[in-house]
Amino acid sequence: MGSVILGSGSALPKRCVTNEELAQSVDTTNEWIIERTGIRQRYLADDSETTSSLATEAAKKALEAAGIDAADIDLIVLATATPDQTFPATATTVQANLGIKDCIAFDVAAVCTGFLYALTVSDSMLRGGNARRALVIGAETFSRILDWEDRTTCVLFGDGAGALVLESREGEDGILATRLHAAGHHNELLYVDGGPSTTQTVGHLRMRGREVFRHAVVNLAEVLNEVMEAAGMTAADIDWVVPHQANARILDATAKKLSLPADKVIVTVDQHANTSAASVPLAFDVAVRDGRIQRGDMVVMEAMGGGLTWGAAALRY
Ligand code: COA
């Protein structure tokens, strides 16, 4: 058994906030943000928009693109670090929103690598026969856990969601290989200083940006090499790289390390900023809908985030 991608979808909050607008309330400038990160704007959720509402919208669009009914879904895996509630899993809220009476539904937490973890788990469950059709979602409202007094982090993130519909097929392989890693001893480089079992507060994101940057370039290049080898591909076989959209400089440095031409790298960080677990499926959906990623194309995805965690996937669309 293998699993193939039937369709994709994505969603953004209504409100777009440019760097200039942010600079009215945060001690920063448009020039600094663009030069250090490539970010020009981000979308921020209002009170009526939640991780589950964005996830549901992305899921509906993915189902429509896949041409299947919500009732045909028997597995929902949702990657998020900003769930609606501590429990139950936001995946179950999406299930209810979609009107699915019974299916497997759970969240995975691997922060910005969450979507790669969710994709790997979903692919394994489809191959193993636990389910036939899966919704794999990355959805976040990071604006809720940002410290808006900390200019070194609050300018970097945005909210959004992306989703894929996968189907298990005999003798067909869409997801060719995935590779995942975690290094929990680097917790202090990127974490949230709150949680139910410690402070009983939601907490705020804290990051040692320079150190995260250094780890990102090394780890992402390594895991991309690993996944390409596992899939029997070389860099020359890749049509598109869909990276986690953290920072334009990380994207450039990783592409250079692997000698990948910049025009094969899908970049949305300028438009959406870092949407954590949502960024890879969001960028993938943008590139499918604007016609860059075509059926049959070879695509690699990669991400790295808090944990530290990192991972990659190689697929044929
Ligand atoms: N606006 C203006 N100035 C800012 C600023 C902001 N938003 N944030 C920081 N600065 C200032 C700092 O105070 C510092 O000033 P100083 O030299 O007077 O002390 C200066 O800019 C440089 O700060 P530094 O943190 O060293 O900048 P940097 O070049 O490392 O860039 C990041 C900061 C966060 C953009 C960069 O480290 C990065 O991209 N890291 C990876 C982060 C990431 O992608 N994380 C998510 C992974 S999932």
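The values are calculated or read from the model by the stated rules, or taken from the named source; none is laboratory data. In this text, all values refer to a predicted model and were calculated from it rather than measured experimentally. Cβ: placed from backbone, ideal geometry, glycine included. Neighbour counts: every protein chain shown. To get the accessible areas, we keep the full protein, side chains included, count just its heavy atoms, and leave off ligands, DNA and RNA. Shrake-Rupley method; radii C 1.70, N 1.55, O 1.52, S 1.80 Å.
For segment 122-141 versus segment 152-170, the inter-centroid distance based on Cα atoms is 14 Å. In the context of the full set of protein chains, residues of segment 2-169 present 39 Å² of accessible surface per residue (probe radius 1.4 Å, heavy atoms only). For segment 11-114, the relative contact order comes to 24 percent (Cα pairs under 8 Å, sequence separation of at least 6). Ranked by solvent-accessible area (1.4 Å probe, protein heavy atoms only, all chains present), the residues I34, I250 order from largest to smallest as I34, I250.
Roughly what % of DSSP beta bridges within the chain run antiparallel, to the nearest 5? Of the beta bridges lying entirely in the chain, close to 70 percent run antiparallel. Within the listed set T120, T268, T86, the Gaussian network model of the chain (springs between alpha-carbon atoms below 10 Å) gives the highest mean-square fluctuation for T86. Both radii are taken from the alpha-carbon atoms of the chain; with Rh as the Kirkwood radius, Rg/Rh is 0.94. Taking the Cα centre of the chain as reference, the dipole from Cβ charges on Lys and Arg (+1) and Asp and Glu (-1) amounts to some 320 debye. Would you list which lysines come within 25 Å of K14, measuring only between C-alpha atoms, while excluding same-chain residues fewer than 8 positions from it? Of all the lysines, those that pass the test against K14 - Cα under 25 Å, at least 8 places apart if same chain - are K60, K61. The protection proxy used here, the mean number of other Cβ atoms lying within 10 Å of each residue, ranks peptides 95-103, 35-43 as follows, highest first: 35-43, 95-103. Starting from the Cα of K264, draw a straight line to each of the lysines and keep only those under 22 Å, dropping any in the same chain fewer than 8 residues away. Filter leaves K256. For V241, what charge total do you get from the other residues with a beta carbon under 14 Å from its beta carbon, if Lys and Arg give +1 and Asp and Glu give -1? So the surrounding residues net to -2. Kirkwood-type hydrodynamic radius, segment 49-156: 14.3 Å, calculated from all non-identical alpha-carbon pairs. Once divided by 2.2 N^0.38 Å, the Cα radius of gyration of segment 175-316 becomes 1.08. A full extension of the chain between D290 and A236 corresponds to an added length of 17.1 nm, given 0.36 nm per residue minus the alpha carbon distance. For the chain, the residue among A183, L135, T201 whose Cα projects farthest onto the positive side of the dipole built from Cβ charges is A183. Over all distinct Cα-Cα pairs of segment 21-64, the Kirkwood formula returns a hydrodynamic radius of 13.0 Å. Apolar share of the accessible surface for segment 28-137: 49 percent from carbon plus sulfur atoms, 1.4 Å probe.
Computed with a 1.4 Å probe on the full set of protein chains, the accessible area for V223 sits at about 0 Å².
Taking only protein heavy atoms and a 1.4 Å probe, the accessible area of segment 170-289 is 50% carbon and sulfur. Using the alpha-carbon centroid of each, what span in Å lies between segment 14-72 and segment 293-317? First find each Cα centre; the distance between them is then 20 Å. Shape analysis of segment 277-317 places it in the oblate category; the axes a ≥ b ≥ c from the Cα gyration tensor give an a/c of at least 1.5, with a/b not above b/c.
For the chain, a Gaussian network of Cα nodes joined below 10 Å ranks T90, T152, T80 by mean-square fluctuation, and the top entry is T152. A 1.4 Å probe run over the protein chains yields, for segment 175-316, 42 Å² of accessible area per residue, whole-number rounding.
In segment 203-317, what % of DSSP beta bridges are antiparallel (nearest 5)?
Antiparallel: roughly 60 percent of the beta bridges in segment 203-317.
As I understand it, the dipole of the chain uses +1 on the Cβ of Lys and Arg and -1 on the Cβ of Asp and Glu, about the Cα centre. Which of L315, V267, F115 lies farthest toward its positive end? The Cα lying farthest towards the positive end belongs to L315.
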